[in-house]
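Down below is the structure, laid out as structure tokens.
The values are calculated or read from the model by the stated rules, or taken from the named source; none is laboratory data. Note that this is a predicted model, so its numbers are computed, not measured. Counting neighbours? That spans all protein chains shown, and the Cβs are built from the backbone with ideal geometry, glycine included.
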Amino acid sequence: MTATSAAASTRAGTPIGPRAVTGVSVTATSVTAGATQVLYKVRFTATHALSSSTGFVQLTAPAGTVFSTVSNGFYDVRDGSNHGYSQNEVVSPGGAGNNVVDVYIPTGFSVNAGDTVEVDAYAVANPTTASAGASFAVSTSSDSSLVPVAFPIAAASQVSAVSSTIDSRVAGASGVTYTVRLTATHALNSCEPDDCDSRTAAFIQLSAASGAVFPTPSNTNIYTITDGPSSSTPSNVTVGPDGVGSNVVDAYIPTSFSVNAGDQLVLSITGLPTHPGSATVRLASRPRQMRLPRRQPHRPALRPPRAMSARPCPGPRRRRRPARSPATS
């Protein structure tokens, strides 16, 4: 097959080979390099039937993509009115790489030939490098020929206008409120009514200096996210995500609102303790350590000089001559 025909098939999402799905389309909540917690929605029409539990859909994302290995509801399969979470999914089947996953049809329903199927993959990590020519391919256990579609990965971006304030810099203060302000460069994905959980919600991540400790809330009321007139507690808070340490926290965007590009966000944390042994809380640098004065060796105190008498100093002492004896005749 020539490069020209392959490119045409990629743009149109048409099958390559006799047994292939048709009508492939792929959307994602973020296509920027390095984005995480991304939701991929893949739609296609099955050319041949797929059996319950044994049939599967294979998703092949751009190189560098990482599909989630969590099996509790992270892959959703829809076929008309039939809907269920896959009970079996295999990431990197046959060592193909973490950008490939086999999603098995849930128990309870089968896919008939001609059915339109949607597979939702949650918590996907995009490649870390941009690629304008990247593609996404779909196949099934019954239609094994890959059908690619264009899926470019944009360059990574960062937030802007970041600032922070703290309402107390007294050493040992408790109940301190720390406030971070930032401007979102890209929109943060909003979740659908039946998808509003930590699998799809975007988050704000704060990374403090090593040794700092973000509070682990018994509830999320310690943390508040504000976007214009909307203000709410995060949908989830994770201190030390992926075991990186308690100096990192992910505050998930509330499910009651989404964030548009250019929105100014405010994240407030109440109850942040000052760092032990430091005069202030520093979330961007290590707190300065207090240096104790060196201990001086013990030296006995000097005795004060004795007071001198005030009497006048006597004159020179005269030597007395011995008495002469009387002369005899």
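Structural remarks
- Matching entry among Gly97, Gly108 (being more than 17 Å from Val24 (Cα to Cα) and under 28 Å from the mean Cα position of the chain (by Cα)): Gly97
- Positions within the range 95-117 being under 11 Å from Tyr75 (Cβ atoms) and out of contact with any Pro (no Cβ under 7 Å at 6 or more places or on another chain), in sequence order: Val101, Val103, Tyr104, Ile105, Pro106
- Residues of the range 98-127 that turn out to be in contact with a Leu (Cβ under 9 Å, 6 or more places away or on another chain), farther than 15 Å from Gly55 by Cα and in contact (Cβ under 8 Å) with a residue 40 or more places away in the chain, as a count: 6
- Looking only at residues of the range 53-83 that are among the small types (Gly, Ala, Ser) and surrounded by fewer than 17 Cβ atoms within 10 Å (Cβ to Cβ), we find that the one that is farthest from Glu118 (Cα to Cα) is Ala63.
- Test: residue in the range 271-281 that is under 19 Å from Thr165 (Cα atoms), at pLDDT 50 or above, surrounded by fewer than 16 Cβ atoms within 10 Å (Cβ to Cβ) and not acidic (Asp, Glu): yes
- All positions within the range 26-52 that are farther than 17 Å from Asp115 by Cα, in contact with a Ser or Thr (Cβ under 6 Å, 6 or more places away or on another chain) and either polar (S, T, N, Q) or in a loop (DSSP other than H, G, I, E, B) (or both): Thr32, Ala33, Gly34
- Residue ID - modelled with the highest pLDDT, chosen from residues in the range 140-160 that are under 19 Å from the mean Cα position of the chain (by Cα) and hydrophobic (A, V, I, L, M, F, W, C): Ala155
- In the range 55-95, the residues that are at pLDDT 95 or above, aliphatic (A, V, I, L, M) and part of a loop (DSSP other than H, G, I, E, B): Ala61, Ala63
- Residues satisfying the stated conditions in the range 133-160, i.e. closer than 18 Å to Thr36 by Cα and in a strand (DSSP E or B): Phe136, Ile153, Ala154
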